[in-house]
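Read the figures in this text as sums done on the coordinates, not as results from a lab. Nothing here was measured: the structure is a model prediction, and the numbers come from that model. Methodologically, a virtual Cβ is constructed for each residue, glycine included, from the backbone with ideal geometry; neighbour enumeration extends over all protein chains shown.
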Amino acid sequence: MIRVALVRHGETAWNGERRLQGRQDIALSSTGLEQARGLSSAIEAVGPDRVVVSGLRRTAETASVWGREPDAYDSGLDEAHLGEWEGRYSADIRAHDPAGYAAWRSGLVTPPGGESFAQLTRRVVESLTAATADCAAAGGDALVVVTHGGPVRALLAELVGLDPARAVHSHPAGLSLLDADPVSREVKLRLYNYSSAVLEPDPAD
C-alpha cells in the first residue's frame, strides 16, 4: 500500500487576486510560501520516499519550502488548460455566466478553447498511477504529489467518487491523503483538504 499525499500548491499573486491561472507559470506569493510552511509538519509525518511535482514552478516552489527537491517533474500533473479564461478574474466570469462558472467547477463545462474535465482526468490519473508504481518499484511506501486545484478535483472524482459539485474546492497548500494499492489500483480517501486556511469559505481556483 502506498500512502499518497496529494497537495495543491500554495497561493500565488493571481490566486490572491482571484484570477484564473490554468497553464500560466505564476510563482508563489509570500502568502503561498507561508501556507506551504504550514504543511511542513504534516509532510514530515508522511515521510515521503518520493516527491513528484507538475511542470509549473509553483508546485516545485511549494515542495522546496519543505527542503525537498522534486524527484520528478511531470507535466501530466499540470493545471487544466483554461483557454480564453486564463488570466481573467473569476468574479467577471461569474457575473457574465454564473451557471456556466458553477458548472465548470463541477466538471460539467469546458472553458472556451480549454481542456475538458474528461481530458484532464485521463492525463492526471495516468500520471498518478505511474508515480505510484515508480514509488512502489523503488521500495517506497509514501509519495507526495504537488499539483493544482483542477487535478486534485479530477483525481478525487475519478479515484474515490468525490463529486466536485458537493465538495469545497481544495485550498491553497491543501493536503489530501490517499491509500493506494499499486497492484489492485484500489484507492481509499483518508483525509481531505487539510490546510491552515481550511476555514476560508471559498478558496480561489
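Residues with beta-carbon under 13 Å from that of Ala137, excluding Ala137: net charge, scoring Lys, Arg +1 and Asp, Glu -1?
Numbers: positive: Arg50; negative: Asp49, Asp71, Asp134, Asp141.
Result for the local shell: -3.
Highest mean first, the peptides 166-172, 109-115 sorted by other C-beta atoms within 10 Å per residue fall in the order 166-172, 109-115.
Mind jotting down the distance between the C-alpha centroids of region 133-179 and region 46-123, whole Å? Computed from Cα coordinates, the inter-centre distance equals 12 Å. Percent of C-alpha pairs per 5 Å bin in region 2-194, short distances first: 1, 8, 18, 22, 21, 16, 9, 4, 1, 0, 0. Here's the picture: charge each Lys and Arg Cβ at +1 and each Asp and Glu Cβ at -1 in the chain, and of Thr59, Val152, Gly107 the one pushed furthest to the positive end of that dipole is Gly107. Between Ala91 and Ala118, what FRET efficiency comes out of the Förster formula 1/(1 + (r/R0)^6) with R0 = 25 Å and r the beta carbon distance, rounded to 0.05? So the FRET efficiency works out to roughly 0.40. DSSP beta bridges confined to the chain are antiparallel in about 50 percent of cases. Over all other residues within a Cβ to Cβ distance under 10 Å of Pro164, the charged ones net out to +2, with Lys and Arg as +1 and Asp and Glu as -1.
With a sphere of radius 14 Å drawn around the Cβ of Asp92, what net charge do the other residues whose Cβ falls strictly inside it have (Lys, Arg +1; Asp, Glu -1)? Each step should come with its number before you reach the end.
Working: positive: Arg18, Arg19, Arg88, Arg94; negative: Glu17, Glu84, Glu86, Asp97, Asp205.
Charge balance near Asp92 sits at -1.
Summary value for region 115-183: 37 percent relative contact order, contacts being C-alpha pairs under 8 angstrom separated by 6+ residues.
Rounded to the nearest 0.05, what FRET efficiency do Arg37 and Glu69 give with R0 = 22 Å and r taken as the Cβ-Cβ distance? Could you check? Computed FRET efficiency for Arg37 and Glu69 comes out at 0.85.
Structural descriptor for region 2-194: relative contact order 32 percent, calculated from alpha carbon pairs under 8 angstrom and at least 6 residues apart.
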